[in-house]
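Step one of this worksheet: look at the structure below.
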Amino acid sequence: MKIQTLSHDEVFSTLLSSPEGITTEEAARRRSEYGLNEIKELHGRPMILRLAAQFTHFLALLLWFAAALCFLSEYLHPGEGLLRLGIAILAVIFINAIFTFIQEYRTEKAIEELRKMLPFRVVVKRGGAELEIDAVEVVPGDLVLLKEGDKVPADARVVGTSRLTVNNSLLTGESDSRLLTADAFEGELLDSPNLAFAGTLVVSGSGTVVVYATGMVTEFGKIAQITGKVVEEESQLHIEITRVSRIVAIIAVACGACFFLIGSLIGRGFWDNFLFAIGIIIATVPEGLLPTVTLALAMGSKRMASRNALVKNLNAVESLGSVDLICTDKTGTLTQNLMTVKTSWAPDEGAMACTVARLCSNVTEGPEGINGEPTETALYNYAVEHGAAAGERLGENPFDADRKRMATLHRVDGKLFILVKGAGESVLPLCTLLSQNGSTTVPLENATITELQGRLQAMASEGLRVIALAFRELNDVPTGDIPEEGLTFAGFMGLLDPPRPEVPEALKNCRSAGIKVIMITGDAGPTAAAIARDIGLITGDPVIIEGHESASMPDDQLHEELKKENLIFARMSPQNKMRVVSLLIEGGHRVAVTGDGVNDAPALKKAHVGIAMGLSGTSVAREAADIVLLDDNFASIVHAIDEGRAVFENIRNFITYIFASNIAELIPFIGYILFGIPLPLTIMQILAVDLGTDMFPALALGAERPSPDIMQRPPRPKNEHLLTIKVLLRGYLYLGMLEALAGMCAYFYVMYQGGWSWGQPLATTTTLYLQATTACLAGIIAAQIANALACRSPSVSILTLGIFSNRLVLAGIATDVVLAAFIIYTPFGNSLFASAPIGADVWLLLIPFAVMLLVIDETRKYVVRRTALQALSPEV
C-alpha cells in the first residue's frame, strides 16, 4: 500500500476509518492487534554482563592466573609474601574493572531515547468526539489533531491542513521545514508532502492526520531496528592489548617451564622448581599494564574533552587516531546550520525585493525573538537589515508544493500590493513587467526573460536555493483569491547554509595526514557539491551519487565508486548510509562517521568511531556514538585525531618502559636458581615496582604530547601491531638488561661490603640480606627513572623533546623518589616490603648506571635517526 498516492476517501476506506474517527471500542481492538505505539528495545545486553566483561578479557584472565599462582605458592610454601601479592593483583583486577566500567559505561539508550521523543499526550477524534490520550494508545486509523508545537505521535497521512508545517530534521538530518498538503502524491514515501512522521515537530499551522503506522512499524521504528541489529566491530586497541597479553603469557609460561627444566637438570627438587617457576611467571607478568592502559586512555579522553571532543568509549580514543576515512554529514558539521542570504540581484536598487522578502512570509516576532521556517527567517532578517518597509497584511494564498510559491496582500505606505515569492520557474512566467528605479516599470521582453533565466540557472549552479520575488500594485482589494498574474519582477535572492570558517584548514590537515573525507548528506546533490567546492573538499568535477542510485547498485559496483575522488553522496537514507559505511569497512578502511540526526544512528554505531554533534545532534545520535563533539565543529575531529594518534605512540612507549622492569625482576630469580645466591629481590619488592614506582612515570608517558609531524604522516597501517619485535628487543633485551645490571651490581656491592662470600647461606631476616635486596630494588628504581626519560620517544632525543616539556614525567620521577624513600627509610615501609635503609655510597654507585642507560639510549636514537635519514637521502 502506497498511502501517499491515495485520495482522501481511499485513505479512510483503506484504514477502515472515517472523518469522525474510529470508535473507542475499535481502538481497543486494534491496540490488542497491533500493540502499543512504542519503540521496543532490541537485544539489550544486561548490565551485569557488561561488568563481567571487564573481568574476563584476556589481560584480566592473565592477572587472574597470576593471582591463582600466588595463592597456590603461598599454600605450598607459606611466608614468602605471595599471599600479599595475590591479594594486590586481585585488587588491581577489581579496581580496574570498576573504573573501566564506569568510564566506558554507555547504556544502549538509542532505543530508549527514541521512545522518549514521542509525545506523552495527543488529541484524537474518536466517534466524533475529541479526546486527549497517551501517545502509546494511538492505533492505526486514529484521527489525530495537530497544532503548532506538537510532536507527531505516529506515521500519518494528512487529510486536512491549515498551513501545517513540520520539521523533519530529527529524521532526515537536514534542517528545512516542510509545508504539508492533503493532496495525493506519486513520489517516494520519505519525499511525500502529505505524510507526517513519528517524532517530527509541528513548527506552524495545524492539521488533521490519519495514523497508518505505529510503534516499530514507523520510520522511527525501522531505524530503531536497524540500530539494534548493528554488530559493532571489536576495537583495534582491544585486539592489540589482547595480542600483547598473549605474547606476555607465552613468554612467561615458556620462561617458567624452561627454568623448571633447568632446575631439574641441576638436581633441585620438584617442589622447589615448581615454586621457582611460579616466581618466574609472576615476575614476567606486567601487573601494572592493565591499569596503566586504562588510565592512559582516560587521560587521553580528558585531553580530547579540552579540545571539544567528549569521549564515551575509552577505546575510541586510540581508534580515532587510526582512521583513514571520515564520512561526514554536511549540515551543522561542515556548515553552520544557519540558512543565510548569500547573494541577491535586483534590476533596480532592490527596495521592493526586500519588501517582498520581509512581508511575503509567515515569520513572527515574539518575546523570544524571530520564529519561522529557516528559509523565510533568513529572507526576513536580510530584508530588515536592508531597510525593508513594514506593512499591514490583508490576505494570503498559502504556499503549496504544486505552485511552489506563496502570495500575500499587503498595504504598504498607504498603497495596496500583491507580494509573491517562490521558485524561479514558478514566479518568472507570471511576470510581465520589470521594476526599475524603485517606482517605474518597463515591459518584460523575451530577451530580458532569457537573461533572467540564465541568471537564475547560474545562481542555482552555485548550490544556492534561489527565491524569485515579484509584486503587483492594486487600486482596490480583490474579491476571492489573490490574483497572481501580471506581476512585476523585483529580483532574486540566493540562500545557502554557510560553511564553518575552520573547516577548509581542517580538510587540508586531513589530506596531509592521509585521511580521505566523503560527504554523505540528506541534502540535494548540487547544494552539497557547492559547499564541498567552497570548503576545498573537492578539487575537480564532483562524483555525485544519489541515495536511490546507490540503492540500485550491486556491491561490486558501489565498491568501485567508493574508490573515486571528489565523491559526494546525496539524498541518502539511513539504510543507504549504513551500507556505504559497511562496504568501506569491508574494503579495509578504518572509518569514522559523523552525524546528528536519528537517521545517522545506524551508521554511527556501525563505524569504527561514531562521532555525534553535541549542540545540534539528537539524543539518539549522541547515544549511538563513541565521541560527542561539544562544538559541532569538523575541525574538532581533526584535533581529536591528533590526540588519538599520540595515544597509540604513548601506549607503545610505556609498554616498553614496563617491560624493561620485568626483565630486571626476572634476572634475580635466575641468579637465585642457577647460582645458589640468596634471592636478590623479594616478591613484595616486585610488587613495589610493578604497582608502585612503575605506575606514575608510565602514566606520565601516556600524557606525552603528539609529535609535531604526527599529522603529516599517513594513518597507521592496519597490520601494524602495538607490540613489535623492536619493542620487545628494546624493552626486554636492552633496557631491561641495563636495569638488571644496575640492580644486581648494587646487590653484590652491599653483600660483599657486608662480608658475605659466594656460597655462604644467609638468613632472610638478617640486616645484610635486607639491605642487599633493598639495594637491588633501589638499582631498578634508579634505572627506571632514567628509563622514563629514555622512553618518551623511540627515536627523538630527550634534548630535542625538552626535559621540561612533559612535566608529568618529572612529577612521576619525583613520586618515584618519594616512594623509594618511603620503602627504604621508614619503619612501616621496611616492615611492609622487607627492606632496610641503605647508605649514600649505594646511591653514588647507582647514579652512573642511570646516566649510562640514558647515554646508550641517546646513542641508539642517533643511529636510528641517521639510518632513517640515509634511507631517504642516500647521499647524506
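Observations, loosely collected:
- Cβ pairs under 6 Å, 6+ apart, first in the stretch 693-716 and over 13 Å from Ser512 (Cβ atoms), second of a type in the set (A, V, I, L, M, F, W, C) and surrounded by fewer than 22 Cβ atoms within 10 Å (Cβ to Cβ): Thr693/Leu819; Leu699/Leu295; Ala700/Leu808; Gly702/Met299; Ala703/Met299; Ala703/Leu808
- Listed conditions (1) polar (S, T, N, Q); (2) surrounded by fewer than 16 Cβ atoms within 10 Å (Cβ to Cβ); (3) over 20 Å from Ala351 (Cα atoms) are all met by Asn397, apart from (2).
- Taking every residue in the stretch 641-665 that is more than 22 Å from Ile683 (Cα to Cα) and open to solvent by less than 10 Å² (accessible area, probe 1.4 Å) and pairing it with any residue that is modelled with pLDDT under 85 and β-branched (Val, Ile, Thr), at least 6 positions away or on another chain, the pairs with Cβ-Cβ distances below 7 Å are Gly644/Val317; Ala646/Ile710; Val647/Val317; Ile651/Val293; Phe654/Thr292.
- Matching option when the condition is open to solvent by less than 30 Å² (accessible area, probe 1.4 Å), more than 30 Å from Thr764 (Cβ to Cβ), touching a residue at least 24 places away in the same chain (Cβ under 8 Å) and not small (Gly, Ala, Ser), among Asn806, Asn787: Asn806
- For the stretch 1-17, residues that are of a type in the set (Gly, Ala, Ser) and touching a residue at least 12 places away in the same chain (Cβ under 8 Å) total 2.
- Conditions (1) at pLDDT below 90; (2) closer than 20 Å to Pro498 by Cα; (3) open to solvent by 30 Å² or more (accessible area, probe 1.4 Å): number failed by Glu385: (1)
- Residue satisfying all of: in the stretch 219-263; surrounded by fewer than 18 Cβ atoms within 10 Å (Cβ to Cβ) and among the polar types (S, T, N, Q); modelled with the lowest pLDDT among these: Gln225
- Candidate set from the stretch 689-725 (those that are outside any loop (DSSP other than H, G, I, E, B) and open to solvent by 40 Å² or more (accessible area, probe 1.4 Å)); member that is nearest to Leu85 (Cα to Cα): Leu691
- Residues satisfying the stated conditions in the stretch 299-327, i.e. open to solvent by 20 Å² or more (accessible area, probe 1.4 Å) and more than 22 Å from Asp631 (Cβ to Cβ): Asn315, Asp324
- Filter pass, Arg29 being open to solvent by 50 Å² or more (accessible area, probe 1.4 Å), modelled with pLDDT of 85 or more and either of a type in the set (Val, Ile, Thr) or part of a helix (DSSP H, G or I) (or both): yes
- Close pairs (6 angstrom Cβ cut-off, 6 or more residues apart or separate chains): free of Cβ contacts under 8 Å to residues at least 60 places away in the same chain and assigned to a helix (DSSP H, G or I) in the stretch 53-70, surrounded by 17 or more Cβ atoms within 10 Å (Cβ to Cβ) and among the β-branched types (Val, Ile, Thr) anywhere: Gln54/Thr100; Ala67/Ile89
- Selection from the stretch 747-772 of residues that are assigned to a helix (DSSP H, G or I), hydrophobic (A, V, I, L, M, F, W, C) and closer than 16 Å to Ala836 by Cβ: Val750, Met751, Leu768, Leu770, Ala772
- Selection within the stretch 345-369 - open to solvent by 40 Å² or more (accessible area, probe 1.4 Å) and more than 23 Å from Leu464 (Cα to Cα): Thr364, Glu365, Pro367, Glu368
- Within the stretch 293-317, being under 18 Å from Ala700 (Cβ atoms) and out of contact with any Asp or Glu (no Cβ under 8 Å at 6 or more places or on another chain) holds for Val293, Thr294, Leu295, Ala296, Ala298, Met299, Ser301, Lys302, Ser306.
- Yes/no for Asn273 being surrounded by fewer than 23 Cβ atoms within 10 Å (Cβ to Cβ), part of a loop (DSSP other than H, G, I, E, B) and either among the polar types (S, T, N, Q) or under 21 Å from the mean Cα position of the chain (by Cα) (or both): no
- Here the condition is being over 30 Å from Pro708 (Cα atoms), part of a loop (DSSP other than H, G, I, E, B) and open to solvent by less than 10 Å² (accessible area, probe 1.4 Å); of Ile686, Ile677, it holds for Ile677 alone.
- Checking the stretch 105-122 against the condition returns a match, with at least one residue being under 18 Å from Val209 (Cα atoms), modelled with pLDDT of 75 or more and either assigned to a helix (DSSP H, G or I) or open to solvent by 40 Å² or more (accessible area, probe 1.4 Å) (or both).
- Total residues in the stretch 474-488, condition open to solvent by 40 Å² or more (accessible area, probe 1.4 Å) and touching a helix residue (DSSP H, G or I) at 6+ places or on another chain (Cβ under 6 Å): 1
- Lone unmet requirement of (1) at pLDDT below 75; (2) touching a strand residue (DSSP E or B) at 6+ places or on another chain (Cβ under 9 Å); (3) more than 30 Å from Ala624 (Cα to Cα) for Lys147: (1)
Matching residues to (1) among the hydroxyl-bearing types (Ser, Thr, Tyr); (2) open to solvent by 20 Å² or more (accessible area, probe 1.4 Å); (3) over 26 Å from Glu373 (Cα atoms):
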site: Leu409; (1), (2), (3): no, no, no
site: Val412; (1), (2), (3): no, no, no
site: Lys415; (1), (2), (3): no, yes, yes
site: Val420; (1), (2), (3): no, no, no
site: Glu425; (1), (2), (3): no, yes, no
site: Ser435; (1), (2), (3): yes, no, yes
site: Ala460; (1), (2), (3): no, yes, no
site: Ala490; (1), (2), (3): no, no, no
site: Asp497; (1), (2), (3): no, no, no
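- Residues within the stretch 770-821 that are of a type in the set (A, V, I, L, M) and over 20 Å from Tyr747 (Cα atoms), tallied: 15
- Subset of the stretch 744-768 (residues that are open to solvent by less than 10 Å² (accessible area, probe 1.4 Å) and touching a Pro at 6+ places or on another chain (Cβ under 7 Å)): Tyr747
- Count - residues of the stretch 313-348 that are at pLDDT 85 or above, assigned to a loop (DSSP other than H, G, I, E, B) and under 22 Å from Met459 (Cα atoms): 5
- Members of the stretch 126-154 that are out of contact with any Gly (no Cβ under 8 Å at 6 or more places or on another chain), assigned to a loop (DSSP other than H, G, I, E, B) and surrounded by fewer than 18 Cβ atoms within 10 Å (Cβ to Cβ): Gly149
The values are calculated or read from the model by the stated rules, or taken from the named source; none is laboratory data. Please read all numbers here as calculations on a predicted model, not as lab measurements. Note: ideal-geometry Cβ built from the backbone for every residue, glycine included; neighbour counts use all protein chains shown. Areas reflect the complete protein model, heavy atoms only, side chains present, ligands, DNA and RNA absent. Shrake-Rupley method; radii C 1.70, N 1.55, O 1.52, S 1.80 Å.
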